[in-house]
Each structure stands twice: as C-alpha cells, then as structure tokens.
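S.K.: Questions regarding the structure given below will be posed in turn.
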Amino acid sequence: MPAPVYASSDNVDFRVFKLFLSLSSPFFETLFDLPQPSEAEHPADTETKDGLPVLPVSEDSRTLDALLRFCYPCTLTENPPLNHFRDVVKVLEAAQKYALDKVENTIRKALFNPTILELNSLRCFAIARQAHLREETVLAARYSLRISLVPNWFEEIEMITATDLLAPLAYKSEVWMGRADTATRFLVD
C-alpha cells in the first residue's frame, strides 16, 4: 500500500514515508500491514490525491506537522520547536493516540525538567494530570509546594477539573502536616 496523504483538520495535506511512521509506532506498523483494497476496489467516495488515498485526521496542521517531524530521523529534519504549552499538549495527545512512545518520551523530558517546573509547576501538573502521566503529576505537584496555595489563572487550568486542581493543594497540606509518605494518594488515580 502506498502511504496515504494525511489531511489535517484544517485541510493541509502531509505526505510521509510509510517506513518512518512504521518504525516510529506500532499503530502505523499495524495499519500498513493490514490488507488494502486495490485501486479498482476503492469505493467511489474514497478521496485520493495523485492516486494516493487521503486519510483525514483530527489534528490541526500545526500539531500534525510537529508530530510527523518527530518521526523523521534527525539527519533529515530537526525536532520541531514546541514554544507554547498548548502546542505541547496537542502533540503529546497525538503522540499518545498514535502510540508514538519515543515522541511522548521526548516531550515528557522537555516539559518536565527543573527549569520549566520551577516557573510553571501548575501548568505542568495540569498537562500531566490530563495526559495520565503519573510520575510527572507527582513531580509537578512537588514543585508546586513552592508556590502560593491560591494559584493565578493559567490557560491549562481549563484542561482539568476542580478535583484535579484541589489535588496539589491537598498534597501540599499533607506534606506540611508531616505526612509526605501518604500525600501522593491525592495525586494519582
């Protein structure tokens, strides 16, 4: 099967070598191993471009571009800059969706480093909590011990519930009362 053309949710087309996607993800490896209909067997409503099937995806072009760049070898392209927390969230979600473990790990290392955590512990907590990253949730909560009990508004607060927001506060309370060994129960599901 030739590699499909990936159409982003905002109608930008991406052409990617199957090999790179297959090597990056068991999801894509399995997808490409499935028996595919011949061109004559394609339903009439199947969209094609230059004879290639078009596969619409739910990610926008900015997210898809970053995600696909991570799948290419570093000798062919650099990892994309993820300069905004919202971009990080979208690429992390897509990496989890498509089982791109190396991409997810790269993002986790970049986001959950001391420099970022010092300045943005609650933002990192919200991202980790929403993405079900247990270790990073606990790590971000530990960094949040250094900030005020009443946080300022931040964009990622919309990603979590009130219960999620209370978790680092309950954690902080337990740590202050000398029960740090059991405090993480508030942080993990």
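The values are calculated or read from the model by the stated rules, or taken from the named source; none is laboratory data. Predicted model, so just to flag it, every value in this text is computed and none were measured. Reconstructed Cβ throughout: ideal geometry from the backbone, glycine too, with neighbour counts over all protein chains shown. Accessible surface is based on the protein model in full, side chains and every heavy atom, while ligands, DNA and RNA are left aside. Shrake-Rupley method; radii C 1.70, N 1.55, O 1.52, S 1.80 Å.
S.K.: Just to be sure before I move on: is Ala7 more than 26 Å from Asn120 (Cβ to Cβ) and modelled with pLDDT under 85 in the structure I sent?
M.R.: Against the criterion (more than 26 Å from Asn120 (Cβ to Cβ) and modelled with pLDDT under 85), Ala7 does not qualify.
S.K.: Return yes or no: is Ser61 open to solvent by less than 60 Å² (accessible area, probe 1.4 Å), farther than 22 Å from Phe27 by Cβ and not acidic (Asp, Glu)?
M.R.: no
S.K.: Of all residues in segment 160-180, which are surrounded by 16 or more Cβ atoms within 10 Å (Cβ to Cβ), of a type in the set (A, V, I, L, M) and closer than 24 Å to His84 by Cβ?
M.R.: Ile160, the sole residue that qualifies.
S.K.: Let me ask something else. Return the only residue of Lys90, Lys102 being farther than 22 Å from Phe17 by Cβ, at pLDDT 90 or above and in contact with a Ser or Thr (Cβ under 8 Å, 6 or more places away or on another chain).
M.R.: Lys90
Conditions (1) on the phi > 0 side of the Ramachandran plot; (2) under 19 Å from the mean Cα position of the chain (by Cα); (3) modelled with pLDDT of 90 or more, marked per residue:
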| residue | (1), (2), (3) |
| --- | --- |
| Leu34 | no, no, no |
| Val54 | no, no, no |
| Val57 | no, yes, yes |
| Leu64 | no, yes, yes |
| Tyr72 | no, yes, no |
| Phe85 | no, yes, no |
| Glu118 | no, no, yes |
| Ser121 | no, yes, yes |
